[in-house]
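Contents: one structure, followed by commentary.
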Amino acid sequence: GVAGFKAQKLLQNPLVSSSTLGVNSGAVFMSLCAMYFFNLTEDKLFLPAFAGACLAGIFTLSMSRALRRSNISRGLHIVLAGSLVSMLFGALSTFLIQLDPLRFADIQDWLLGDIGPSDFNDFKTIFWLALATIALLMSQGRALDAMMLGERQALSTGVNVKRVKFVTLTSVFMLSSLVVSTVGPIGFIGLVVPHICKIFVTQTGQIGAWLSMLIGALLLVSADVIARTIIAPKVLLVGGVSASIGSVFFLALLYFLLRKKTTL
């Protein structure tokens with residue numbers, strides 16, 4: 001939740017999240033590579049997931065810059081690039097699984113996002129790293145507020161724009177990797193949460209970031225409750241439920257943004 005809030009604030013794009021940037025797909029692919037080639041277990045996937053997240057994120061941002069020369073709407077550059085990167089890494093992941101389906105038979109739930117089997121022992125290994133990453137992300141609050149006025153204005157106030165971008169994006173990639181390596185790619189939480197926060201507070205200041213963590217947790221728990229009750233006694237995967245809700249929200253948001261631009 002907080003990663004999505006800060007990413008949208010940095011890139012000034014309401015469609016940005018770890019899912020739409022292709023970060024989750026990259027993290028999943030590199031995790032599968034680590035399992036396939038190095039026989040790593042699920043509790044040792046953070047570093048490969050982080051490498052994949054960074055690779056996918058850099059690929060998306062680079063492709064987005066290239067698309068600026070096209071006639072595509074400015075706000076859709078990064079979304080289109082992220083979608084292409086997600087499809088690429090998704091296809092590579094599928095190919096890798098098909099090479100040895102038996103090896104990956106036990107992680108099918110993880111591939112879709114599942115918090116059911118997890119307990120506090122799974123999270124204690126990443127808790128302190130996640131806490132440190134969130135603290136680092138929060139430290140960029142004032143600089144990000146200045147960058148909302150534009151990079152030139154931020155530079156004039158003494159903000160090191162390149163450093164802020166690097167620290168913020170790296171923190172976003174790290175938080176996404178921690179989630180993927182532990183419970184799988186639970187998507188669209190980072191997309192939906194910032195928009196819910198905007199109902200109560202503005203993007204400026206730190207209140208929205210703290211609120212995004214609370215709402216993100218509540219949204220995930222709500223999705224888990226729905227997954228466990230909607231067709232009880234069968235239990236759905238929370239990743240599938242959150243993706244379904246998030247996809248509808250994403251399409252609605254995209255529609256209203258395009259409609260607003262057409263009206264203007």
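Quick note: the coordinates plus some simple rules give every number you see, no bench work behind them. Since the model is a prediction, treat every value here as computed from it, not as a measurement. Here Cβ is always computed from backbone atoms with ideal geometry, including for glycine, and neighbour counts include all displayed protein chains.
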* **Proximal lysine pairs, the chain, alpha carbons under 22 Å, eight or more residues apart or interchain** => 11
* Asked: What is the distance in Å between the Cα centres of the range 31-45 and the range 72-116?
  -> 16
* Structure fact -> About its Cα centre, the chain carries a charge dipole, from +1 on Lys and Arg Cβ atoms and -1 on Asp and Glu Cβ atoms, whose size in debye to the nearest 20 is 1340
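Is the C-alpha gyration tensor of the range 130-214 telling us rounded, prolate or oblate? Criteria: a/c under 1.5 is rounded; beyond that, a/b larger than b/c is prolate, otherwise oblate.
oblate
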* **Residue (of VAL79, LEU55, THR94) at the positive-pole extreme of the range 24-101, dipole from beta-carbon charges** => VAL79
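R0 = 22 Å: FRET efficiency of ALA217 with ILE107, Cβ-based, nearest 0.05?
Efficiency for this residue pair is about 0.35.
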* To do: From zero up to wherever the largest Cα-Cα distance of the chain sits, split into 10 Å bins and tell me the percent of pairs in each.
  => 7, 29, 37, 20, 6, 1
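Between PHE95 and ILE58, what is 0.36 nm times their sequence separation minus the Cα-Cα distance? Round to one decimal in nm.
11.1 nm
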* What's the angle, to the nearest 10 degrees (0 to 90), between helix 238-263's Cα axis and the longest principal axis of the chain? -> 30
* With each label point set 7 Å from Cα along the Cα-Cβ vector, what nm distance links ARG69 and VAL225? -> 5.2
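Just need the relative contact order of the chain here, percent rounded to a whole number, with Cα pairs under 8 Å and 6+ apart. Present the calculation step by step, with values, prior to reporting the outcome.
On the way: 365 pairs, mean separation 80.0, N = 264.
Relative contact order for the chain comes out at 30 percent.
Applying a 10 Å radius around every beta-carbon, put 211-221, 156-166 in order of their mean neighbour count, most first. Walk me through the intermediate numbers first.
Numbers: 211-221: 18.0, 156-166: 13.3.
In descending order of packing, they fall as 211-221, 156-166.
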* Asked: Taking 0.36 nm per residue of separation and subtracting the Cα-Cα distance, what length does fully extending LEU155 through LYS44 add?
  -> 35.9 nm
* Would you work out which of LEU10, CYS33, LEU131 lies farthest towards the positive end of the dipole of the range 1-158, given +1 charges on the beta-carbon of Lys and Arg and -1 on that of Asp and Glu, about the Cα centre? => LEU10
